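My questions all concern the structure below.
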Amino acid sequence: MSILKTYKNFLKSCSILVVLIVIGCGGGTTKVVKKSFFKYDRICIAGSSITHGNIEDSGNDGEGYLGELSYVGEVEKYFREEVANTIGPDDLGPADGEIEDLMSYQGKLKIYTQGIDIGGSLKASDEIAIAYGGTNIDTVVQLDVDGERFKYTIPKGNYSPEKKTSQDQGFYKSFRETNPKAVHIFKLKTDKKHNFHLKVLSGELHLNFITNHMYYMQNAGVGGYETSDFLNTTRAHSNLKDVITFNPDLFIYESCTNDAKTWAVEIGLKNGTSGENPSTNKWIVDDPINFTITGKNITINQAVNVKKGDVVIMGKYDGDIQNMAVGIVAKDTNGRMIPLSKIVSYSGKNAHEVNSVPQDINKICRIKNISLWEDRVKELIANLKNGIGHDVAVGIGTSGVPNYYNPANGGVYTLAPNTPRRLLGYREKGQILAAENGWFFVDFFQKILGIEPGVDINHKWTFGDNTHPNVPGRVYFGQAIIDALNLKP
């Protein structure tokens, strides 16, 4: 049985119940949410600068961020608030202070000093986990829950997530992860609603959150990365070795934004011969050629050799993404008639899978091969699984920039061909890869297309570069992950 089928069967077997309970809690209130647990405790999300966070914030670089500056942080927030039963610092009693930190979805720690007694209620779990930051002194805490008493010493030290940096090809590389050492789990005897009191016997407790189920999140997003960068384990920057060290149960990979490796000079790199990591685009036909339509077949005005899985991009190759279509070549063909196995049109606010080539699109097309990208992604996942040595669920997300163009001179289309066309086909092939391999498919492309089908001039989801997500954009990307995992009740 595939990982995807196993996962779906697991979800079907889970009943989801939401219960809200408000209780007195050291001067505050506690919201208790009961949900079925998600079976993957260690979750890694990897990709490029779109993954890692707010690159325009030079104060913290946004690289590999677990918090509100990255869509990975939005996913973590959802797990903490909706999947697990979690109490954050704001839900508990008063504390001596509050500090900003990059460790959690809350983005903060509260400092509880000796003598503080904070309480609350956690439902439907056989464990309680506390997450904390370090201090410069040892801290002893006592947990009283259902007549059981636990004592634990938190050693002094820095419990911030690991950060690795190096200067490499002009990019600032970094890597962050939730530090498992900053969490202590108290195992309980029964699975029920637990009332607890957490006391600080000595030292300072820099509390991050208290939960009834611990999920570890890793953000492995690095600016400028494509699949070959993660596969390259000989250089100093972060790569697949760091992901394997994290030992995830679920690996979600945002790919192809940089894999096309064409940026604003797509035609100049069309044959993929430039640079250390050549473009995964190999143009078979790069100048627009006319075609006619017969159902799922198109007939072009010149003979061409195409292979099964090659990508046919149909429609006007400039301006907006609307009224275009992508076809996947059905079988190896030598000639003018090309059979298509999958046809996706872009119109309105959706990508539509259709049974024939739309009659109303401009009858011109280009053809490219992106098998190098497919091979790299398969190699990445294979290496991950071999390195971890246990089953790992996989999800693939193929880009979030369907509306991208290179803004210049106040947003004029000065480079009309160098628009989202470089990414068309990757989404379709990613969906096919997911289906063939039992992976989750995270459709960032469709999520953003549904928000703004045209170029994002008004920046509904992007910064000024029309590529990197702003605050709403990060929320949309996070929602795409949640949608793909089918976690919403």
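Looking only at segment 447-478, count how many residues are in a helix (DSSP H, G or I) and surrounded by fewer than 18 Cβ atoms within 10 Å (Cβ to Cβ).
5
Continuing with this model, one more query. Evaluate segment 355-364: report whether one residue or more is under 30 Å from the mean Cα position of the chain (by Cα), over 30 Å from Asp249 (Cβ atoms) and assigned to a strand (DSSP E or B).
Scanning segment 355-364 turns up no residue that is under 30 Å from the mean Cα position of the chain (by Cα), over 30 Å from Asp249 (Cβ atoms) and assigned to a strand (DSSP E or B).
Could you list all residues from segment 103-155 that are in a loop (DSSP other than H, G, I, E, B) and at positive phi?
Matches in segment 103-155: Gly107, Gly115, Asp146, Gly147.
Being without any contact (Cβ under 8 Å) to a residue 60 or more places away in the chain, surrounded by fewer than 22 Cβ atoms within 10 Å (Cβ to Cβ) and not in a strand (DSSP E or B) is the filter here; which residues of segment 186-233 pass it?
Asn232, Thr233
Still on this model: Taking Ile343 as the residue in question, decide whether it is closer than 23 Å to Pro402 by Cα, over 33 Å from the mean Cα position of the chain (by Cα) and surrounded by 16 or more Cβ atoms within 10 Å (Cβ to Cβ).
No.
Something else now. Given the structure, is Ala131 within 31 Å of the chain's Cα centre (by Cα), among the aliphatic types (A, V, I, L, M) and more than 25 Å from Leu66 (Cα to Cα)?
No; evaluated as a whole, the condition is false for this residue.
Output the qualifying pairs, or none if there are none: Cβ atoms under 6 angstrom, residues six or more apart or on different chains, first residue in segment 296-315 and under 18 Å from Leu424 (Cα atoms) and in contact (Cβ under 8 Å) with a residue 24 or more places away in the chain, second residue among the β-branched types (Val, Ile, Thr) and surrounded by fewer than 21 Cβ atoms within 10 Å (Cβ to Cβ).
Between residues of segment 296-315 that are under 18 Å from Leu424 (Cα atoms) and in contact (Cβ under 8 Å) with a residue 24 or more places away in the chain and residues that are among the β-branched types (Val, Ile, Thr) and surrounded by fewer than 21 Cβ atoms within 10 Å (Cβ to Cβ), the close pairs are Val306/Thr333; Met314/Ile361; Gly315/Ile361.
Does Tyr172 meet the test of being closer than 25 Å to Met217 by Cα and at pLDDT below 80?
Answer is yes for this residue.
Would you check if there is a residue in segment 321-330 being in a loop (DSSP other than H, G, I, E, B), surrounded by fewer than 20 Cβ atoms within 10 Å (Cβ to Cβ) and at pLDDT 95 or above? Even if it seems obvious, please write down each step before you answer.
Initially, segment 321-330 is screened for residues in a loop (DSSP other than H, G, I, E, B), giving 321-323, 330.
Restricting the remaining residues to those that are surrounded by fewer than 20 Cβ atoms within 10 Å (Cβ to Cβ) gives 322-323, 330.
In the following step, the residues that additionally are at pLDDT 95 or above were identified as 330.
Yes, the conditions are met somewhere in segment 321-330.
(1) of a type in the set (A, V, I, L, M, F, W, C); (2) touching a Cys at 6+ places or on another chain (Cβ under 7 Å); (3) modelled with pLDDT under 75: which one isn't true of Phe37, the others all being true?
(2)
Separate question: For segment 210-225, give me the residue count where each residue is out of contact with any helix residue (DSSP H, G or I) (no Cβ under 7 Å at 6 or more places or on another chain) and over 25 Å from Gly88 (Cα atoms).
1
Now for a separate question. Only residues that are of a type in the set (D, E, K, R) and assigned to a helix (DSSP H, G or I): list them for segment 427-446, please. Let's see the steps before the verdict.
Of the residues in segment 427-446, the ones of a type in the set (D, E, K, R) are 427-429, 436, 443.
Hits for segment 427-446 are Arg427, Glu428, Lys429, Glu436.
Residue check: is Gln167 part of a strand (DSSP E or B) and modelled with pLDDT under 90?
yes
Here is a yes/no grid of residues against (1) aliphatic (A, V, I, L, M); (2) modelled with pLDDT of 65 or more; (3) in contact with a helix residue (DSSP H, G or I) (Cβ under 6 Å, 6 or more places away or on another chain):
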residue: Thr227; (1), (2), (3): no, yes, yes
residue: Pro248; (1), (2), (3): no, yes, no
residue: Glu254; (1), (2), (3): no, yes, yes
residue: Trp263; (1), (2), (3): no, no, no
residue: Leu269; (1), (2), (3): yes, no, no
residue: Thr273; (1), (2), (3): no, no, no
residue: Pro278; (1), (2), (3): no, yes, no
residue: Asn281; (1), (2), (3): no, yes, no
residue: Asp287; (1), (2), (3): no, yes, no
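State all residues of segment 349-391 that are surrounded by fewer than 20 Cβ atoms within 10 Å (Cβ to Cβ) and under 21 Å from Asp483 (Cα atoms); if no residue qualifies, say none.
Correct list: Lys349, Asn350, His352, Glu353.
Mind checking which pairs have a first residue in segment 331-346 that is on the phi > 0 side of the Ramachandran plot and in a strand (DSSP E or B) and a second that is surrounded by fewer than 20 Cβ atoms within 10 Å (Cβ to Cβ) and among the small types (Gly, Ala, Ser), Cβ under 6 Å, 6 or more apart or different chains?
Correct list of pairs: Gly335/Ala303.
The values are calculated or read from the model by the stated rules, or taken from the named source; none is laboratory data. Everything numeric here is computed off the predicted structure, so don't read it as measured data. Quick reminder, even Gly has a Cβ in these numbers, built from the backbone with ideal geometry, and neighbours come from all protein chains shown.
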